[in-house]
Amino acid sequence: MKKLLILTLLSALSLTANAYNFKVDGLYYSYAYADDECWLTRNPDDPYSGKVNIPATVSYEGKTYKVVSIIDWAFDGCEHLTSVTLPIGLRSINPSCFRGCSAIKEIIIPETVTSIGRAGFDSCTSLETVVLPGSLTDRLDPWTFANCTSLKNVTLGEGITQLPDHMFFNCISLEELVVPSTVERIEDQALGKCTSLRKIVIPDGLLYFGMNESCNSLQTIDFPESLTYFGGLPASGLISCTLPAGITEIIDGAFYFCNNLETIEVKGKLKSIGNRAFNYCVNLLSLPDFVYVETVGNEAFRFCDNLRSVTFSDKLKSICSDDEYSSLGYTFGSCKSLEHVELGNSVEEIPDWCFTGCSSLKTFHVPSHCKVIGNGAFNFCKSLEYVEMPERMESIGYAEPDEYRKGAFQECSSLESIIIPEGIRTLEEFTLAYCPSLKAVRLPSTLKNIECGALEDCGLTSLELPSGLEYLASRAITCDNLEELSVPKSVVRLGTAGSSSDWLSANNLKRLSFEDSKVKLDMQTGFHTNNLEEIYIGRDFEYGPEYRAWSHTLTKLSAGGYCTDITWFDPYPSRSLSEIEMSMITPPLTNEFYNNAYQSVTPVIDTLAYEAFSTAPIWKKFQKYELVEGFCKVQNVKEVDGIDFAQPYDIYVPDGKKVDSGIDSLPNGLYIVRQGNKTGKIIR
């Protein structure tokens, strides 16, 4: 017995090497585990061909053996095998047993067979008819009849409990399949790429229907109420589909590329829609109200060209997810017929590219709990006219360092006005770029930065920058219709270091002013305008030695406040200059004016400043001044430039009378303070 056991084990280990123990009538056999059983094995000299009739029993050296199994690869690649008869009593057909037997047309599995191994009949390309008994309860392995491209007739016996993955994969001639009532699971790709399959009869007890792609001829499918998992029918010919009450999730790619799908119905409480679930469903016309849906994945409805309306409830929490294939949203990207969207009020983020290319979307209400609108979220929404955003948002078109940015509302060509909500600190790159119809933007008081291209090529005719703004990047504002702009005193930097682009480009800008501030303005790049008529400079700039700004259309130049140097501005080309107003005591450094200006222009200055202006370089060339009492800017006590109140100083009332008391004991009023050659006005 020990010797027999060892022999049997050695036989089992050597099967894949085409070993055999004896030969009878041209067929080769190996000993099985039991001493009265044997396995049919491979012909070691030449593949089997023609007609093969496998006997139920075989005798060798006076002993009879029952043929109970066909080993792995026994008939693999036997291209000239035309038919095979399987005996009653056969229990198992092992992996790849008949793979590539391209001439076999029919196979009938005996009732005694309880298992068929992986790829048992894979690529039997002439096989047309298969009868599988209900005895196959032990195991039906994957890829059993995969790539049997001529298979048309399949009979599945009662008792089979599952169709394993890829069981009939790429059986392109299979048109109809009746699934036995005992089957509880149809695994992934069991029917994948059965492109001629028109009808599947599914039993009431089915629990699991895996993902099966490219069933191109399948237009409808009736799922039983027992179904609890649906893996999807991507790239299929479905026109409509109803999901039973047990389905709570539409998984990733479930209906991906279902070009003919028009309607989807959901009977139960659907909670999740996966990544790319309906991607490229170009004929999907309508969706049910997703009352219970809590999450929607990336690209879930992307390229649903004919989808017109989508409605979710407040249960919806997220319309983006962590996706191993893509970090971008595109949830409704390129839904070019989408007109109406309701997301509920619980969504906290509208992901990157979420509605990009939704060219029919006219209005949108951002959920009240939303904090973030991602990059390109509404890019190319060419019909978008109105967007309502909640207060206290955190970012619009955010981006990590070095990440590619795209404006959240870029190329919304119909957008006429927008209110950027409080809480936003940065208007990111290209946020409202190329919005030619945009006439009005209200910026929040929390705004600190306007990045490159944020307002590029907009139709703005006016723009009020908030008082807390600190930075305007290169190309931050390029609006040719803008007529007036005032840069608040909170701004400390204009332009981007290393950039050659102007921070402001507005060809029709007529009035530009820089509000008073002690902080020197860091001007990395300049501004461009062809029709500037008036400029007011209230502070100094830090600028490169090569930088010069000018305007040949300038009619009025004004300066004051904390301005001591305007040499960065070249007044010489401004031959139409007719007004100069300098509301400071000490004349600023300046470049030469056009020669005729010294005779034709009468600068307006404060009476107290006349002596300084009339003796200062360049300024002394003006033949006359208009003197105005109190014209220079009034400054608060102890904030007069150049005067150290810790050192001796003199105080006068406006009529020139000297005051004996110190500054801290003065009654309320207007006073003049002098220290050496420095003079300023103060008010208590």
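The values are calculated or read from the model by the stated rules, or taken from the named source; none is laboratory data. As the structure is a computational prediction, the values presented were derived from the model and not from experiment. Here Cβ is always computed from backbone atoms with ideal geometry, including for glycine, and neighbour counts include all displayed protein chains. The accessibility values were calculated without ligands, DNA or RNA, using every heavy atom of the protein model including side chains. Shrake-Rupley method; radii C 1.70, N 1.55, O 1.52, S 1.80 Å.
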key: Of all accessible heavy-atom area on the chain, the percent that carbon and sulfur account for (1.4 Å)   = 46
inquiry  = Ratio of alpha-carbon Rg to the 2.2 N^0.38 Å globular estimate for the stretch 253-368, to two decimals, please.
reply    = 0.94
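Taking only the C-alpha atoms, wrap a convex hull around the stretch 151-229 and report its volume per residue in Å³ as a whole number.
It comes to 69 Å³ per residue, whole-number rounded.
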ask   = Considering only protein heavy atoms, what is the solvent-accessible area of residue 445 at a probe of 1.4 Å, reported in Å² to the nearest 10?
value = 80
inquiry  = Students sometimes get this wrong: rank 166, 80 by accessible area, probe 1.4 Å, all chains present, largest first.
reply    = 80, 166
query = How do 422, 626 rank by accessible surface area computed with a 1.4 Å probe, from largest to smallest?
reply = 626, 422
task = Give the label of the value calculated from the structure for Rg/Rh (Cα atoms, Kirkwood Rh), choosing from (i) 1.31; (ii) 1.02; (iii) 0.97.
result = (i)
query = Please state the relative contact order of the stretch 178-275 as a whole percent: Cα pairs under 8 Å, 6+ residues apart?
reply = 22
note = Using alpha carbon centers only, the stretch 246-270 is separated from the stretch 17-74 by a whole-angstrom value of 50
query = How large is the accessible surface per residue of the stretch 292-390, computed with a 1.4 Å probe and reported in Å² as a whole number?
reply = 39
key: Calculated P(r) tail over 14 Å for the stretch 184-239, as whole % of Cα pairs   = 49
remark   = Heavy-atom accessible area with a 1.4 angstrom probe orders 456, 79, most exposed first, as 79, 456
Rounded accessible area of residue 111 (nearest 10 Å², 1.4 Å probe) = 130
request  = Please report, in Å, the Rg and the Dmax of the stretch 505-614, where both are computed over Cα atoms only.
outcome  = 13.4, 39
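Provide the FRET efficiency to the nearest 0.05 for the residue 417-residue 570 pair, computing r from the beta carbons and using R0 = 41 Å.
FRET efficiency, residue 417 to residue 570: 0.65.
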inquiry  = Given Cβ point charges of +1 (Lys, Arg) and -1 (Asp, Glu) and nothing else, what value in debye, to the nearest 20, does the dipole of the chain about its Cα centre take?
reply    = 320
DSSP bridge pairs, the chain: antiparallel proportion in percent, nearest 5 = 20
inquiry  = Between residue 82 and residue 139, what's the calculated FRET efficiency when r is the beta-carbon distance and R0 is 22 Å? Round to 0.05.
reply    = 0.20
key: Ratio of the Cα radius of gyration of the stretch 11-107 to 2.2 N^0.38 Å, where N counts its residues   = 0.99
query = What FRET efficiency do you get for residue 646 and residue 626 if R0 is 30 Å and r is their Cβ-Cβ distance, rounded to the nearest 0.05?
reply = 0.25
inquiry  = Taking the full set of protein chains and a 1.4 angstrom probe, give the accessible area of residue 514 in square angstrom, rounded to the nearest 10.
reply    = 0
On Cα atoms only, tilt of 2-13 relative to the major axis of the chain in degrees = 50
